[in-house]
Amino acid sequence: QVQLVESGGGLVQPGGSLRLSCAASGSIFSINTMAWYRQAPGKQRELVASITSGGRRDYADPVKGRFTISRDNAKNTVYLQMNSLKPEDTAVYYCYYTSYGHFYWGQGTQVTVSS
């Protein structure tokens with residue numbers, strides 16, 4: 001079992017920044033992929049960004065150039081730095097961990113971009 005605990009969400013004005021963190025604990029394998037997904041009201045959950053334990057990053061087109069995913073393998077923690085936030089970034093953001101066919105979700109953290 002893997003537990004994921006997210007933090008860092010909140011209310012921010014358009015153009016502002018937030019940094020999300022997700023700490024993983026439990027049966028962590030050294031080879032894994034961690035990611036951030038988001039789900040806006042009435043919409044499907046979508047991938048925002050992912051990063052492998054080797055450091056390969058992928059981003060969804062809407063966030064390229066604005067969001068940066070990173071990780072600290074020693075702390076089993078993944079981060080999402082979100083800059084130039086837009087109202088359409090408003091959603092619940094979920095941390096995701098997968099390794100060897102197993103996957104786990106965090107409980108989600110709300111990000112609201114509004115003036």
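The values are calculated or read from the model by the stated rules, or taken from the named source; none is laboratory data. Note that the coordinates shown come from a computational prediction; the quantities given were computed from them, not determined experimentally. Backbone-built Cβ (ideal geometry, glycine too); neighbour counts: all protein chains shown. Just so you know, the surface numbers come from the protein's heavy atoms only, side chains and all, with ligands and any DNA or RNA stripped out. Shrake-Rupley method; radii C 1.70, N 1.55, O 1.52, S 1.80 Å.
Which one of 80, 85 is part of a loop (DSSP other than H, G, I, E, B) and open to solvent by less than 20 Å² (accessible area, probe 1.4 Å)?
85
Mind checking which residues of the stretch 22-50 are of a type in the set (Ser, Thr, Tyr) and either open to solvent by less than 30 Å² (accessible area, probe 1.4 Å) or in a loop (DSSP other than H, G, I, E, B) (or both)?
27, 30, 50
Please enumerate the residues belonging to the stretch 51-69 that are in contact with a Lys or Arg (Cβ under 6 Å, 6 or more places away or on another chain) and either open to solvent by 70 Å² or more (accessible area, probe 1.4 Å) or within 16 Å of residue 89 (Cβ to Cβ) (or both).
Of everything in the stretch 51-69, just one residue is in contact with a Lys or Arg (Cβ under 6 Å, 6 or more places away or on another chain) and either open to solvent by 70 Å² or more (accessible area, probe 1.4 Å) or within 16 Å of residue 89 (Cβ to Cβ) (or both), namely 69.
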